Each structure stands twice: as structure tokens, then as C-alpha cells.
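Undergrad: Structure below; questions to follow.
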Amino acid sequence: NRPFRIAVLPGDGIGTEVMPEGLRVLKLAAARHGLPLELQAFDWACADHWLRHGRMLPEDWFETLRGFDAIYFGAVGWPAVVPDHVSLWGSLLKFRRDFDQYANLRPVRLLPGVRGPLAGKQPGDIDFLVVRENTEGEYSSVGGRMFEGSERELVLQEAVFTRHGVDRILRHAFRLAQQRPRKRLTAATKSNGIAISMPYWDERVEAIAAEFPDVQWDRQHVDILAARFVLQPERFDVVVASNLFGDILSDLGPACTGTLGMAPSANLNPDRRYPSLFEPVHGSAPDIAGQGIANPIAQIWSAALMLDFLGQAPGADAAAGRAAHDAIVAAIEQVLRTGPRTRDLGGHASTREVGEAIAAALGG
Ligand code: NAD
Ligand code: IPM
Ligand code: MN
């Protein structure tokens, strides 16, 4: 029973503040459920690595990380020092693409004790899963600038949709829908306006849907789909989307449940050839960094997703991973009902107080 090897990358800003709380709960839950871990930390971020070396990652990052079972990630980005596209394409987006983490799972749930901005919603009314394509689509490196600085300046950026890439994310999403009680799936599209890639996407949705006759599915243009997140969130179960649409929907969803500070994500390489990456949906939040007031729940919940996924590895203990996941989520729910809260939830507690309360609720 070898330990799971986990690379820990806190990153920048509040990433470095929520990570210790994530680790506190991760270690405790893993120990409780007999899931041995071996953690190794890396300081690859804007401050200091970029400042010292002029790059986000060392040259041998791929070989260094590829033997790990998972990457536990905080958030990267410090736009005052490094332009965002440089820091993000220099780390997080590279991991997603080079480690083929094509399925980005972003659960959205209204949790007990939390009052979101939508009037009259109860826990259970908002409980869906955004499945975001994570390696292609609108996030492409194909394009360029011409005639720079002149009146004729021209900028092109292509979106890339491959049969392989589209089919695998759709199958992944349909399979997840099949495992959920409601067995429903909504595919985000925009085939009325984006008239080349999105009709193709629609065609593949229809083809893959035929493989899953027990899943009830529909297709919605992403503009009205976004509006319905706000107006009728009960409608949604699994929502599958291309890279950019999935990015936007997975900030909007958590906003409907109160705060971005609780939204977790799993960037999965489902065939386990490479490490998968677990991180909050939110970023480094320079506006509140350094004050110790960030909500650590997204980071902590991401640890739960990680233990669940690790437990499902061949030869591992799936029941233990699932139990550790469920115990962490239950501890979060308990603290939300009665415990301290950070400011984004209307409280006054520090990041650390919330982390300690969740650890205590776990029985630490
Ligand atoms: P952000 O998610 O960092 O912050 C958006 C807003 O939400 C801010 O007002 C922030 O204070 C608040 N917020 C975020 N997380 C919170 C938490 N845990 N508790 C309480 N409030 C929280 O998004 P942004 O401002 O667009 O980006 C800031 C930096 O982070 C940029 O450099 C961006 O590129 C980067 N970023 C990184 C990741 C990542 O590494 N995965 C994700 C998103 C953004
Ligand atoms: C996310 C983030 C990233 C993305 C940024 C930081 C590049 O917003 O993980 O959702 O767009 O994927
Ligand atoms: Mn995002």
C-alpha cells in the first residue's frame, strides 16, 4: 500500500494563505481513512520564482512532476509583477495541457446555512456540476499579430475543436450524468452565432448522446443558459461546455451560491497517465491578499475531490477515498451551519479560524 505522492504548489496571493488550511484538513482526513500521503512542496509562482529566475517553472518541471499522483494547487497570478497570460501560460495552463487534464469538474452547490444572492433558494435547489473542456477550444495558441503598430494592425486567435477532444469530454460528461440520480445533461452551445465550431460541437453532442439513451439531455445557447443559472438553477444537473464557456459558467454558478470562495475543482487526466490537479476555482485575489481573510473552503473542498479521485485508482481503496471526501464535505457543512465564517460569507473569522474549525469538525 504505497503512499500517494502529492506535489503541493501554493502559488501566489491568497493561494499561500488557503493552502495551509487545505493541508491541515487533507492530512487529517487522509490519516483518519487510512490513505497514506507523501507531500512535497514547490514554490513555483510569480513571487519569488519568477522574480528570481525569470520563469514560472524550472526547465525540468515536466519530469519532476510527472511521477506524482496529484498536484494540489493554490492559485497563480500577480499581475503587478508578471502579466497574467505569461504567468498562467507559464504554469497552470501548461499543466492542464501537457498533463492532458482534459476534464475540469466544477461542482456548484448551495450549502446549508449559506444565503446566496438568489431569493428563496434552499440547499438542493442548486446542485449541479459544470464539466469544462480543459485542453483546447477557445484557449488555443494558434494565431498571431500582423502589421503591429500600424493602422492595419490585425490580431487573430483561432479556436481548436478536435473530434478526439470534443468526443472525450462529452463522453466523460454523459457518463457522469448517468451516475447521478437525475441523469440530466445540458450542453452549452452558441451555434447561432459561432457558426463553424459550435455547429460541429452540437453535431458531436447529438452523436455521443446516442450512446447514452438513459440520459435526458438538451442544448442551450450559452447566453440564455447563463441567465437560467440565475433564474432557474433547479433545472441543471450536469452542464458540459467548451473551455471558455465552462470558465465563465463556473464562476457564475458559485456566485449564485453565495461566494467564489467555496468553489472547488478537479482537473482530471482520467486515464491516469499523468497527475491530475486539484485547485479552487478562484484566483490569487490580490485585492484581499495578505490580510488572512480569504475563505479556505474552496481549497479544502478541492482536497476532498483529490482524495476521492486518488481512492479510485486501480489497486487503491475507493471506499476509503469516498469516505474521506464525504467526511470533509460534512465537516464543511457543519461549520457553515454553526461555526465561524469569513467575510465573503458575512462573518469576521480569519482563514485560519475557519480551517481549524473544519479540522475540529472532522474530529481533529
Ligand atoms: P480572483 O478569483 O482571484 O478574485 C475575484 C474576486 O473574488 C476578488 O474580489 C476576490 O477577493 C474574491 N475572492 C476570490 N477568492 C476568494 C476567497 N477564497 N475568499 C474570499 N474572496 C475571494 O480573480 P481575479 O481577480 O480575476 O484574478 C486575480 C489573479 O488570480 C489574476 O492574476 C488571475 O489571472 C489569477 N487567477 C488564477 C487562477 C488560478 O490559478 N487557478 C484562477 C483565477 C484567476
Ligand atoms: C480558472 C482560471 C484560469 C482559466 C485563468 C487563471 C487562466 O480563470 O481556472 O478558471 O481561465 O482557466
Ligand atoms: Mn476561471
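Undergrad: Given the rule -39500 (n - 2.57) for each run of at least 4 DSSP H residues, summed and divided by the residues of the chain, what is its mean residue ellipticity at 222 nm, to the nearest 500 deg cm²/dmol?
TA: Only helices count here, giving -12000 deg cm²/dmol.
Undergrad: Among the GluC sites (Glu not before Pro) within the stretch 109-159, which fall in a DSSP loop and have no more than 15 other Cβ atoms within 10 Å of their own Cβ?
TA: Glu148, Glu151, Glu153, Glu158
Undergrad: Set the Förster distance to 25 Å, then compute FRET efficiency between His85 and Asp287 from the Cβ-Cβ distance, nearest 0.05.
TA: 0.80
Undergrad: Would you list which aspartates and glutamates come within 17 Å of Lys190, measuring only between C-alpha atoms, while excluding same-chain residues fewer than 8 positions from it?
TA: Once the sequence-local aspartates and glutamates are set aside, what remains near Lys190 is Glu133, Glu136, Glu138, Glu158, Asp202, Glu203, Glu206, Asp218, Asp223, Asp247.
Undergrad: For the chain, with the dipole built from +1 on Lys and Arg beta-carbon atoms and -1 on Asp and Glu ones, taken about the Cα centre, which of Ala45, Ala241, Val81 lies farthest toward the positive end?
TA: Ala241
Undergrad: Taking 0.36 nm per residue of separation and subtracting the Cα-Cα distance, what length does fully extending Glu234 through His348 add?
TA: Separation in residues times 0.36 nm, less the Cα-Cα distance, equals 38.0 nm.
Undergrad: Starting from the stretch 261-330, pick out the trypsin sites (Lys or Arg not before Pro) whose DSSP state is loop and whose Cβ has at most 10 other Cβ atoms within 10 Å.
TA: Within the stretch 261-330, the qualifying trypsin sites (Lys or Arg not before Pro) (loop, at most 10 other Cβ atoms within 10 Å) are Arg273.
Undergrad: How far apart, in nm, are the 7 Å Cα→Cβ label points at Asp202 and Ala227?
TA: 1.8 nm
Undergrad: Given a Förster distance of 35 angstrom, what is the FRET efficiency for Lys94 paired with Ser150, based on the Cβ-Cβ distance and rounded to 0.05?
TA: The formula returns an efficiency of 0.60 here.
Undergrad: Which net charge results for the neighbourhood of Ala75, defined as the other residues with beta-carbon distances under 11 angstrom from its beta-carbon, given Lys and Arg at +1 and Asp and Glu at -1?
TA: For residues surrounding Ala75, the net value is -3.
No value in this document is a laboratory result; all are computed from the given coordinates. For clarity, every value in this text was computed on a predicted model and none was experimentally measured. Methodologically, a virtual Cβ is constructed for each residue, glycine included, from the backbone with ideal geometry; neighbour enumeration extends over all protein chains shown.
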